[in-house]
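Heads up: the structure comes next, in structure tokens.
What follows is calculated from the coordinates using simple rules that are stated; it is not laboratory data. Treat the numbers as computed from the prediction; the structure is a model and nothing was measured. Neighbour counts are summed over all protein chains in view; Cβ atoms, including those assigned to glycine, are modelled from backbone coordinates with ideal geometry.
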Amino acid sequence: MTQVLVTGAAGFIGSHLCESLVARGCDVRGLDAFTTFYDPNRKRDNIDGLLDDPAFEVIEGDLLNARLDEALDGVDVVAHLAGEPGVTTSWGPDFDRYVDRNVLATQRLLEAASARGVSRLVYASSSSVYGTGADVLKANGEPRPASPYGVTKLAAETLVGAYAGTGLSAVSLRYFSVYGPRQRPDMAAHRFIESLLDGRRLTVFGDGLQVRDFTFVDDIVEATVQALFADLPPGAVLDVASNHPTSVNTLVGHLEALVGSEARLDTAGERRGDVPRTEGDIDAAREQLGWRPTVDLRTGLQRQLDWHRAIRVQSQSMARVPA
């Protein structure tokens with residue numbers, strides 16, 4: 001039976017990936033530091049349904065100081081999703097945290113994985129490595145990050161390529177604007193849905209004409225699983241995107257229709273590091289993985305909305321239970 005190590009296992013994407021791998025018959029070891037970028041209890045809830053499954057174990061630890069020889073013991077393949085997220089929060093005095101968690105932690109894992117001889121390591125990179133550029137950004141184009149976060153993701157991706165050149169079968173997937181159930185609270189769809197459900201004013205940064213290649217989490221997970229086992233050249237870099245770029249204003253319009261209420265909008269200035277457009281080129285993922293996105297934006301947003309509503313019902317039920 002295949003043993004998989006998933007770093008960042010309790011996060012938004014990581015928890016979905018762990019569930020998918022267990023469902024496919026893999027043994028999954030999840031490593032997570034439960035950092036405080038957002039409420040760690042949300043992350044614990046993400047993996048709660050896996051804790052009683054004998055095919056899943058969770059290790060609470062930080063890649064910067066965890067005993068990686070033990071974490072990698074018996075492991076065949078690694079999905080490295082752990083890292084410090086957030087474009088706008090990467091500016092200023094907290095940049096050292098991004099270097100630590102996105103660059104140094106990745107180098108330490110790559111070193112340990114090389115020593116262990118794992119058969120594949122998949123690194124979760126980001127569309128933020130591109131920055132501003134041509135309308136259609138291609139995986140073989142020149143990355144020019146527009147934020148410190150993007151710089152650290154590109155640095156880690158470059159490290160993956162360097163280790164791939166020394167014999168480690170390591171590849172990078174550039175995820176584009178992932179949304180869906182369990183999405184981080186700071187991300188656009190999550191914020192917009194919560195504002196609409198609460199009847200609160202909804203804040204859009206910039207003019208709302210920014211275009212994003214919103215990609216549903218299940219499609220991201222499917223591409224990641226395939227990359228763990230496919231015959232890929234070491235050092236490969238693939239975009240994972242929906243192939244249907246959409247403006248933020250259109251996203252708000254979809255959510256208004258699904259929730260059944262009109263948004264009361266506030267606008268704020270553009271955030272430093274935001275770019276006008278992201279658009280993935282998924283040709284390489286199609287050719288090398290046989291992968292393509294299957295969930296359209298409206299369907300995916302409905303699934304995320306259903307999750308938000310279910311969480312609210314659960315919270316209300318718990319609030320009614322007497323102490």
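Numbers at a glance
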quantity	calculated
Globularity index of the chain, i.e. its alpha-carbon radius of gyration over 2.2 N^0.38 Å	0.97
GluC sites (Glu not before Pro) within segment 226-323: DSSP coil, no more than 15 neighbouring Cβ in 10 Å	Glu262, Glu270
Length-normalised contact order for segment 1-60 - Cα pairs under 8 Å, 6+ apart - percent	39
Alpha-carbon centroids, segment 235-306 and segment 8-65: separation in whole Å	25
Distant-in-sequence amide H partners of Leu202 (H built 1.01 Å from N, under 5 Å)	Arg264, Leu265, Asp266
Unit charges on C-beta of K, R, D, E only; dipole of segment 27-103, Debye	340
Net charge dipole size for segment 122-215 [Lys, Arg +1 and Asp, Glu -1 on Cβ; Debye, nearest 20]	140
Test item: Cα-centred dipole of the chain, Lys/Arg +1 and Asp/Glu -1 on Cβ, debye	560
Footprinting exposure proxy for Thr299, Thr89 (fewest neighbouring C-beta atoms within 10 Å first)	Thr299, Thr89
Of the DSSP H helices in the chain, those whose Cα atoms cover at least 20 Å axially and whose Kyte score averages 0.5 or more	148-164
Segment 72-168: C-alpha gyration tensor shape, a/c 1.5 cut-off, then a/b vs b/c	oblate
Listed residues Ala285, Gln314, Pro234: farthest to the positive end of the dipole of segment 233-323 (Cβ charges)	Gln314
Exposure proxy order (Cβ contacts within 10 Å, fewest to most) of Asp218, Asp207	Asp207, Asp218
Where only C-alpha atoms are counted, convex hull volume of segment 190-246 per residue in Å³	116
Prolate/oblate/rounded label for segment 249-309 (Cα gyration tensor, a/c 1.5)	oblate
The chain - percent relative contact order, Cα under 8 Å, separation 6 or more	18
Integer Hz, Karplus 6.51/-1.76/1.60 couplings in order for segment 277-287, x for Gly and Pro	7, 10, 8, x, 10, 9, 4, 5, 5, 5, 6
Residues listed by number, segment 170-200, amide nitrogen under 18 Å from Asp53 label point at 7 Å toward C-beta	181-183
Shape call, segment 177-323: gyration tensor on alpha carbons, a/c limit 1.5	oblate
Fewest-first ranking of Ile193, Ile311, using other Cβ atoms within 10 Å as the exposure measure	Ile311, Ile193
Neighbour count of at most 14 Cβ within 10 Å plus DSSP loop: longest trypsin sites (Lys or Arg not before Pro)-free window in the chain	68-199
